[in-house]
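For reference, the structure discussed in these notes is given below.
Nothing in this text is a laboratory measurement; each read-out follows from the coordinates by a stated rule. In this text, all values refer to a predicted model and were calculated from it rather than measured experimentally. As a convention, Cβ positions derive from the backbone with ideal geometry for all residues, glycine included, and neighbour counts pool all protein chains shown.
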Amino acid sequence: MTVLVRPLVPSDVEGCLRVIASLPRFFGAADNAPSHATEDLRTDGGLVAVSPGGEVIGFITWRRHLDGAAEISWMAVYASLRGRGVGTAMLRRLESLLTAARYTSLSLLTSAKSHTYQPTRAFWQARGFTPILTLDNLWETDVAVVYTKSLTKALTK
Ligand SMILES: CC(C)(COP(=O)(O)OP(=O)(O)OC[C@H]1O[C@@H](n2cnc3c(N)ncnc32)[C@H](O)[C@@H]1OP(=O)(O)O)[C@@H](O)C(=O)NCCC(=O)NCCS
């Protein structure tokens, strides 16, 4: 599938929110996902994947934590286009960008146990991320798991 990955610009926010809206099982209204995402899409670093027609079909955002440590804050691919390499293309681009900026690790939080997120956990593991910590009390309705990857090994998977 032909996909162009480029930096996220403010006019992409609506397209990113459409991607979120296509995934109600993942980003429910109860979490107030659209409003949290809108804020993060405006403040965090970001990349979008766009179709040949210029539509946003996926996005990834990140933020810096400690020196050299980045966290993926959001990542999503339009529901009907999942599993076609769009997420991998965005992740590879982010890893090379962060490596060039001398980041040494990339981490993220996701659901540790929910069935819905099983393919997501498989995605992170297949892309070289390791689960290192579960956080029982961070979220009210789910257990969180932290995945991390050393960027000195980035681009090998
Ligand atoms: C997780 C996500 C960003 C991955 O992007 P993607 O474009 O679907 O993933 P890719 O096509 O690049 O990679 C496919 C891999 O992801 C996994 N995967 C995740 N969802 C999948 C799906 N619906 N169909 C097939 N594979 C899927 C598989 O492990 C697959 O591995 P393989 O290529 O080794 O067989 C995307 O599926 C998504 O938006 N999921 C819902 C929201 C979400 O979980 N966001 C991340 C929150 S931490």
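For this structure, a couple of remarks:
- Of all residues in the stretch 98-107 being of a type in the set (A, V, I, L, M, F, W, C) and in contact (Cβ under 8 Å) with a residue 24 or more places away in the chain, the one that is farthest from GLU71 (Cα to Cα): LEU98
- Whichever residue in the stretch 90-117 is among the polar types (S, T, N, Q) and either over 18 Å from PRO24 (Cα atoms) or more than 15 Å from the chain's Cα centre (by Cα) (or both) and, among such residues, is nearest to the ligand (Cβ to nearest atom): THR116
- Test: residue in the stretch 8-24 that is charged (D, E, K, R) and not in a helix (DSSP H, G or I): no
- Of all residues in the stretch 137-157, those that are in a strand (DSSP E or B) and within 14 Å of the ligand (Cβ to nearest atom) total 6.
- The set of residues from the stretch 118-136 being among the hydrophobic types (A, V, I, L, M, F, W, C) and away from the ligand (no atom under 12 Å from the Cβ) comprises ILE132, LEU133, LEU135.
- Close pairs from the stretch 71-90: first at positive phi, partner crowded, with 21+ Cβ neighbours inside 10 Å and not aromatic (Phe, Trp, Tyr), Cβ under 9 Å, at least 6 apart: GLY83/VAL77
- Residue pairs meeting the criteria (Cβ under 7 Å; at least 6 apart or on separate chains; first within 12 Å of the ligand (Cβ to nearest atom), in the stretch 2-28; second aromatic (Phe, Trp, Tyr)): CYS16/PHE59; VAL19/PHE59; VAL19/TYR78; ILE20/PHE27; SER22/TYR78
- Checking each residue in the stretch 52-89 for being away from the ligand (no atom under 13 Å from the Cβ) and either buried (at least 16 other Cβ atoms within 10 Å of the Cβ) or not in a loop (DSSP other than H, G, I, E, B) (or both) picks out ARG63, ARG64, ALA69, ALA70.
- Looking only at residues in the stretch 90-134 that are in a loop (DSSP other than H, G, I, E, B) and charged (D, E, K, R), the one that is surrounded by the most Cβ atoms within 10 Å (Cβ to Cβ) is ARG127.
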